[in-house]
Amino acid sequence: MTSEILILGAGPAGLACAMELSRKGRKSFLVERDAQIGGLAKTLTIREGEDVFLTDIGPHRFFSKNQYLYDFIEDLLQEEWRKVPRLTRQFIDGKFFDYPVKALQVFKNIGPVKSVRILLDYAMARLRFGLLKKPMVTFEDYVVANFGRTLAEFSMINYTEKIWGIPASTIHPDWARQRIHGLNLWSVALNILRQAVPWSRRGAGKPKSLVDEFYYPQFGTGRIYEEIGKHLQKAGCELHTDSEPIAVRHDGSRITAVDVRFADGATKTLQPQTVVESVPITRFLELLDPPPPPEVKQAAAGLKWRAQVYLFLTLDKESVTKDNWIYFPNKDIPFGRTSEMKNFSADMCPPGKTSFFVEFFAFESDAIWSMDKDQVLDLVMPYFEQWGFFTRAEVRQAYLWKRPCVYPVYDMDYDKRLSTVREYLDRLSNLIYLGRPGRFRYTNQDHSLEMGIVASRMILEGRKYDLDTIGSENEYFEKGPIYEKRI
Ligand SMILES: Cc1cc2nc3c(=O)[nH]c(=O)nc-3n(C[C@H](O)[C@H](O)[C@H](O)COP(=O)(O)OP(=O)(O)OC[C@H]3O[C@@H](n4cnc5c(N)ncnc54)[C@H](O)[C@@H]3O)c2cc1C
């Protein structure tokens with residue numbers, strides 16, 4: 001082993017950590033289970049004869065208020081790093097709605113009776129949760145308090161229940177705090193007014209969900225991570241794909257050794273000074289030798305993950321729609337979101353062609369998880385034909401991928417279970433667990449990159465920083481320089 005720092009998982013968090021360390025002359029040793037680095041944010045290359053289609057596995061916009069991260073990526077990608085206008089719609093009750101919302105369109109689509117009901121419900125919710133101080137205990141309470149019941153049910157509650165597969169009344173309010181922080185009927189109305197006023201500073205001071213442009217690399221979000229990979233190899237770091245840890249040995253206060261199985265089937269025992277891990281936290285616990293005590297195992301067993309199924313279609317067609325994404329909150333439609341990679345960057349498709357990406361949220365026990373490509377295609381085509389998107393004859397090829405452990409489920413007792421697991425892991429003084437899977441935290445790329453960068457500071461400076469403040473709404477996340485909060 002050429003390094004004292006072992007990084008498990010080469011997604012955005014692990015790679016950012018390795019990259020920052022290498023800039024300071026420190027080499028790390030990376031072990032990645034997949035054949036390609038980049039984690040959930042990798043970009044796949046699909047070749048059909050001479051034609052090349054590129055796709056993220058669910059397109060990734062980049063947005064952060066942290067200038068350090070923009071500079072970090074711009075250094076890697078130079079002119080490949082581009083600004084893209086955001087065009088998003090929701091399809092609700094048979095009608096398309098622009099997002100961010102346009103008042104006139106909403107009014108036209110839902111009619112005067114429902115519009116008045118939305119306003120009355122909002123006033124009622126402000127009275128109950130604002131004036132009378134009814135506590136917000138669940139995600140459902142949080143959105144009803146901020147939007148009123150009619151509007152909350154119209155889109156947010158439905159879509160959230162589709163993502164998580166559990167009722168909104170059993171989802172932890174952390175999810176709302178993280179995802180719709182700063183968003184309420186009032187901020188949405190202000191945004192509508194801003195759009196109507198041409199000299200307003202679009203984007204200034206908006207909640208992040210309402211931002212109407214974002215950055216996207218010319219050849220897919222995975223380019224960020226490919227460039228980091230190249231840099232690491234040049235810097236002499238070892239990056240092993242198709243490899244994984246098979247045991248993590250410890251003495252209760254430190255990790256003493258990690259057994260790794262490499263792509264050729266060989267296994268080796270490594271003895272790193274520090275282990276940075278972004279493997280799903282529940283899997284990491286299973287690797288520990290000796291195993292954790294029963295109460296920790298029991299807590300971990302209750303941490304649930306939501307999986308995803310993806311259908312990618314290459315099309316003999318110039319364009320389907322102009323949207324980046326379309327969201328489908330209604331539960332009678334089996335998929336949650338579609339997107340067209342070409343609308344992120346024209347270079348994602350050959351000239352004159354396009355592609356279409358369809359996302360399903362699932363538990364591994366759901367029927368969709370065991371369907372094959374043709375079954376999933378049969379399931380979705382009637383919708384796309386009905387909306388005039390494309391016909392079956394225009395589909396060149398279909399590709400199906402399935403991913404476990406994509407979304408950490410924030411149910412009502414996830415935080416207690418997670419605290420039990422973390423208290424145990426925190427005893428291992430040379431372990432840093434980070435990223436979306438490693439911390440069981442719904443992060444976007446920016447948060448995971450930031451965690452990786454902060455983790456590198458921990459190693460370089462030999463001190464601890466609070467990784468949980470990254471991505472939390474009221475801390476330094478998205479505001480300015482990284483690594484402000486030491487603990
Ligand atoms: C459909 C979808 C759309 C998204 N859209 C956006 C978006 O628009 N904007 C945005 O900023 N973010 C988006 N995200 C979130 C973004 O993908 C994640 O925040 C980011 O990839 C998390 O990085 P990470 O390094 O923390 O974890 P991951 O990306 O999960 O990386 C973890 C790595 O560990 C590896 N690993 C797992 N188990 C093992 C093992 N046993 N041994 C070795 N290696 C292992 C995995 O293969 C992976 O490479 C989206 C995510 C999804 C799923």
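Take the Cβ atoms of residue 230 and residue 365, set R0 to 35 Å, and the FRET efficiency comes out at 0.30. Ordered from highest to lowest accessible area with the whole protein assembly present and a 1.4 Å probe, 238, 50 read as 50, 238. Of the solvent-accessible surface of the chain, computed with a 1.4 Å probe and all protein chains present, 52% belongs to carbon and sulfur.
Tally the DSSP beta bridges in the chain and give the antiparallel ones as a percent, rounded to 5. The antiparallel fraction comes to roughly 75 percent. A full extension of the chain between residue 51 and residue 246 corresponds to an added length of 66.3 nm, given 0.36 nm per residue minus the alpha carbon distance.
Of the residues 269, 274, the one with the largest accessible area comes first in the ranking 269, 274, computed with a 1.4 Å probe on protein heavy atoms.
Per residue, the chain exposes 43 Å² of solvent-accessible protein surface, assessed with a 1.4 angstrom probe and all protein chains in place.
Fully extending the segment from residue 331 to residue 113 would add 76.1 nm, taking 0.36 nm per residue of separation and subtracting the current Cα-Cα distance.
Charged neighbours of residue 432, selected by a Cβ distance under 11 Å, balance to +1 (K, R count +1; D, E count -1).
Placing a label point 7 Å from the Cα of residue 318 along the Cα-to-Cβ direction, the residues of the stretch 341-374 with a backbone N closer than 18 Å are 341-356. Modelled label positions at residue 96 and residue 399, each set 7 Å beyond Cα in the direction of Cβ, lie 2.6 nm from each other. Inter-label distance, residue 104 to residue 218: 3.8 nm, where each label sits 7 Å from its Cα along the C-beta direction.
Residue 326 sits among other residues whose Cβ lies under 10 Å from its own Cβ, and their net charge, with Lys and Arg +1 and Asp and Glu -1, is 0. Only helices enter the 222 nm calculation for the chain: every DSSP H run of n ≥ 4 contributes -39,500 (n - 2.57), and dividing by all residues gives -10000 deg cm²/dmol, rounded to 500. With everything on Cα atoms, drop me the angle between helix 222-234 and the longest principal axis of the chain, reported from 0 to 90° to the nearest 10. For helix 222-234, the angle is close to 20 degrees.
The values are calculated or read from the model by the stated rules, or taken from the named source; none is laboratory data. None of the values given here were measured: they were computed from a predicted structure. We place every Cβ from the backbone using ideal geometry, glycine too, and count neighbours over all the protein chains shown. Accessible surface areas use protein heavy atoms only, side chains included; no ligands, DNA or RNA. Shrake-Rupley method; radii C 1.70, N 1.55, O 1.52, S 1.80 Å.
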